[in-house]
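Asker: Below you'll find the structure I mean.
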Amino acid sequence: MSDVITARHGTGVCEVTLQRPDVRNAISTQFALDLTDTFHDLARDPDVRAVVISSSSEKAFCAGADLKERAGFSDDDLLAQRPVVKALFASVRDLPMPAIAAVQGFALGGGFELALSCDLIVADESAVFGLTEVTVGLVPGGGGTQLLARRIGAGRAADLILTGRRVDAEEAVRLGIVDRLTSPGQVRGTALDVAETIAGNSPLAVRAAKRAVRAAFDARLGFDVEDSAWHAAAVSADRREGIAAFAEKRSPNWTGR
Ligand code: COA
């Protein structure tokens with residue numbers, strides 16, 4: 001079974017569906033490579049006018065990094081995986097056509113960052129968002145510190161990032177995380193409808209407008225600072241403890257080293 005499904009809809013809409021339901025679409029190295037290849041192909045396809053990212057599972061859009069895979073990682077393994085993960089998030093952010101996240105269930109850590117990398121977030125009432133990295137000894141490394149702060153403001157982003165707390169769909173709408181809220185089961189349909197509307201407009205004008213909206217914030221320096229922060233946490237004893245504690249289903253014992 002392939003873990004990435006692509007399907008064409010209407011005139012110029014491509015849906016990319018995440019399909020690793022047993023691990024809540026957690027992002028392993030191979031999954032990141034497969035997704036990046038998919039987004040690079042779409043970026044080069046002049047017939048694609050809008051992209052929807054969805055999940056085959058009602059339970060989760062994506063639960064972030066594959067912590068089970070990482071439980072067996074040395075520091076060197078984690079550092080070696082880093083460029084693969086960064087390339088995935090860049091491949092979504094750099095799509096020349098609009099991208100819409102269709103979120104149902106959990107969007108945590110890198111899963112939330114995947115949604116934040118899109119231009120629009122559509123979610124249903126089951127959605128739960130969180131940048132939970134600090135709870136496992138890490139720092140968001142997929143652009144989340146920058147993209148969330150820009151989306152909802154620095155104070156509200158700090159509340160979520162520093163506590164690692166999760167917010168339900170209603171709070172996510174209030175905070176400005178979710179652009180359109182739907183009833184359960186309607187999220188794909190709504191996201192595809194929005195994508196069809198976008199795809200019905202001038203492709204040239206839409207791509208140019210996307211570039212202009214993105215230019216409202218130049219996040220390059222911020223992404224570099226986030227990368228340094230991620231590296232500082234990645235080689236810490238707390239990071240190893242956080243991931244071991246997740247795998248062993250227990251609370252972590254932080255040492256601050
Ligand atoms: N990496 C690897 N496996 C994961 C995972 C992740 N990020 N998230 C969930 N899974 C696995 C679980 O280990 C479990 O596997 P098992 O059946 O072999 O025990 C399976 O997916 C289902 O997870 P479970 O916790 O039983 O389901 P749930 O619906 O009650 O909860 C989550 C789902 C996503 C809330 C919960 O699994 C969770 O908190 N995951 C970690 C999310 C996280 O912190 N991500 C950020 C990492 S930086």
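Asker: What number comes out for accessible area per residue over the stretch 4-184 if the probe is 1.4 Å? Units Å², please.
Answerer: For the stretch 4-184, the per-residue accessible area is 37 Å².
Asker: Just the Kirkwood number for the stretch 136-232, please: inverse of mean 1/r across all distinct Cα pairs, in Å, one decimal.
Answerer: Value: 15.8 Å, from the Cα pair sum.
Asker: May I ask for log10 I(q)/I(0) of the chain at q = 0.16 Å⁻¹, from a Debye sum over the Cα atoms as equal point scatterers with solvent left out?
Answerer: -1.21
Asker: Restricting to Cα pairs below 8 Å that are 6+ residues apart, what does the relative contact order work out to for the chain? Please round to a whole percent.
Answerer: Taking the mean separation of contacting Cα pairs over the length of the chain, I get 19 percent.
Asker: Just the Cα atoms of the stretch 1-75: what Rg and Dmax do they give in Å?
Answerer: When restricted to the Cα atoms of the stretch 1-75, Rg and Dmax are 13.7, 46 Å.
Asker: Can you check what the net charge comes to around A191, using other residues whose Cβ is under 11 Å from the Cβ of A191 (Lys, Arg +1; Asp, Glu -1)?
Answerer: Around A191, the charge tally is -3.
Asker: Now a separate question. At what distance in angstrom do the alpha carbon centres of the stretch 160-215 and the stretch 46-74 lie from each other?
Answerer: 17 Å
Asker: Could you compute the net charge surrounding G12? Neighbours are other residues with a C-beta less than 11 Å from the C-beta of G12; K and R count +1, D and E count -1.
Answerer: -1
Asker: Lysine pairs, Cα distance under 25 Å, 8 or more residues apart or cross-chain: how many in the chain?
Answerer: Lysine pairs meeting the criterion: 5.
Asker: Now, a different point. Pick out, from A232, H40, P83, the residue whose Cα sits farthest towards the positive end of the charge dipole of the chain, with +1 on the Cβ of Lys and Arg and -1 on the Cβ of Asp and Glu.
Answerer: Highest projection toward the positive end goes to A232.
Asker: Another question, if that's okay. Tell me, what % of the accessible area of the chain is carbon and sulfur with a 1.4 angstrom probe?
Answerer: Of all accessible area on the chain, carbon and sulfur atoms account for 54 percent.
Asker: Among all helices in the chain defined by DSSP H, which have a length of 15 Å or more along the axis from Cα atoms plus a Kyte-Doolittle mean of at least -0.5?
Answerer: Answer set is 29-43, 75-93, 187-199, 203-214, 220-234, 237-247.
Asker: Let me ask another. Based on DSSP, what percent of beta bridges with both residues in the chain are antiparallel, to the nearest 5?
Answerer: 25 percent
Asker: So what is the calculated 222 nm ellipticity per residue for the chain, using -39500 (n - 2.57) for each DSSP H run with n of 4 or more, over all residues, to the nearest 500 deg cm²/dmol?
Answerer: -14500 deg cm²/dmol
Asker: A follow-up question, please. I want the local charge near V178. Using Cβ-Cβ distances under 13 Å, sum +1 for each Lys or Arg and -1 for each Asp or Glu among the other residues.
Answerer: Cβ neighbours under 13 Å give a net charge of -3.
The values are calculated or read from the model by the stated rules, or taken from the named source; none is laboratory data. All values derive from a computational prediction rather than experimental measurement. Reconstructed Cβ throughout: ideal geometry from the backbone, glycine too, with neighbour counts over all protein chains shown. Just so you know, the surface numbers come from the protein's heavy atoms only, side chains and all, with ligands and any DNA or RNA stripped out. Shrake-Rupley method; radii C 1.70, N 1.55, O 1.52, S 1.80 Å.
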